[in-house]
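The next block holds one structure in the form of structure tokens; read it before the comments.
The values are calculated or read from the model by the stated rules, or taken from the named source; none is laboratory data. Since the structure is predicted, the reported quantities are computational estimates derived from the model, not experimental observations. Note that each Cβ is placed from the backbone with ideal geometry, even for glycine, and that neighbours are counted across all protein chains shown.
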Amino acid sequence: MWPLGHAAVGYLLYTLATRSRFDQPPGQIAVLALLVGTQFPDLLDKPLAWYLAVLPTGRTLAHTLLVLLPVSVAAVALARRTARAEYGIAFALGALAHTLTDALPALWGAADPNHLLWPVTPVEPYESGAPSVIGLFRESLGDPYFLLEFALAAVALALWRRDGAPGLAAVRALADRVRPDRSASGSN
């Protein structure tokens, strides 16, 4: 699954969870933690496999439940210690949703689920080096699972807007903090 699909699945699951638990939309910062969680396995594994060649594939270390479950528990525990348990829950849900949606095509024989328990279960290393993003994209174009990502993204976007675009205000506030004060320089 591509980043957009992971973000969409994560948001769909999280908005359903927060609405069923609290009868309200997701919070601003929690959505950002969720988004980081939905991308976390690839942000760790892809560079380590594709560019540094220290992992056999782009779905190993951060995609295995043997690492991801303890990381998720640690994220929740750390967030709970700072009275922000929901941020840890959001991150964990996003990260776990990522790795499970990557394994989903195994149900119809289109993927190998061995990454879920790597290194206990072996994964096939890349035969001729790391794949190219462009090559992977081209291979995905006719895949119904790839096309499903856009449908999921459309539904997630609609729900996100209905929820008041949580996370957007937090990103704007962060951008305002890091952006230099334009009024001090005299330019508008």
(request) Run TRP50 past the list (1) aromatic (Phe, Trp, Tyr); (2) in contact (Cβ under 8 Å) with a residue 60 or more places away in the chain; (3) surrounded by 22 or more Cβ atoms within 10 Å (Cβ to Cβ) and report the number of the one that doesn't hold. (result) (3)
(request) Of all residues in region 104-155, count the ones that are under 23 Å from TYR51 (Cβ atoms), of a type outside the set (A, V, I, L, M, F, W, C) and surrounded by 11 or more Cβ atoms within 10 Å (Cβ to Cβ). (result) 10
(message) Can you go through LEU43, LEU61 and tell me which one is out of contact with any Lys or Arg (no Cβ under 7 Å at 6 or more places or on another chain), surrounded by fewer than 22 Cβ atoms within 10 Å (Cβ to Cβ) and free of Cβ contacts under 8 Å to residues at least 40 places away in the same chain?
(response) LEU43
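Out of VAL76, VAL71, VAL67, report the one residue that is out of contact with any Pro (no Cβ under 8 Å at 6 or more places or on another chain), without any contact (Cβ under 8 Å) to a residue 24 or more places away in the chain, within 21 Å of PRO47 (Cβ to Cβ) and not polar (S, T, N, Q).
Values: VAL76 fails: within 21 Å of PRO47 (Cβ to Cβ); VAL71 fails: without any contact (Cβ under 8 Å) to a residue 24 or more places away in the chain.
Result of the check over VAL76, VAL71, VAL67: VAL67.
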(request) Might you let me know whether region 89-103 holds any residue that is in a loop (DSSP other than H, G, I, E, B), without any contact (Cβ under 8 Å) to a residue 40 or more places away in the chain and surrounded by fewer than 22 Cβ atoms within 10 Å (Cβ to Cβ)? (result) no
(message) Would you confirm whether or not region 64-80 contains a residue that is in a loop (DSSP other than H, G, I, E, B) and crowded, with 21+ Cβ neighbours inside 10 Å?
(response) yes
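Taking into account only those residues within region 104-124 that are in contact with a His (Cβ under 9 Å, 6 or more places away or on another chain) and outside any loop (DSSP other than H, G, I, E, B), which is farthest from ASP45 (Cα to Cα)?
Of all residues in region 104-124, those in contact with a His (Cβ under 9 Å, 6 or more places away or on another chain) come to 115-116, 118, 121, 123.
Filter again for outside any loop (DSSP other than H, G, I, E, B), leaving 115-116.
On the way: HIS115: 11, LEU116: 13 Å.
Only one residue fits best here, namely LEU116.
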(request) Please go through region 148-168 and pick out each residue that is over 18 Å from the mean Cα position of the chain (by Cα) and closer than 30 Å to TRP108 by Cα. (result) ALA158
(request) Return yes or no: is GLY5 touching a Lys or Arg at 6+ places or on another chain (Cβ under 7 Å) and surrounded by 22 or more Cβ atoms within 10 Å (Cβ to Cβ)? (result) no
(request) Consider only pairs whose beta carbons are under 8 Å apart and that are at least six residues apart or on different chains; among these, list those whose first residue lies in region 125-152 and is closer than 18 Å to HIS98 by Cβ and part of a helix (DSSP H, G or I) and whose second residue is modelled with pLDDT of 85 or more and among the polar types (S, T, N, Q). (result) PHE146/SER140
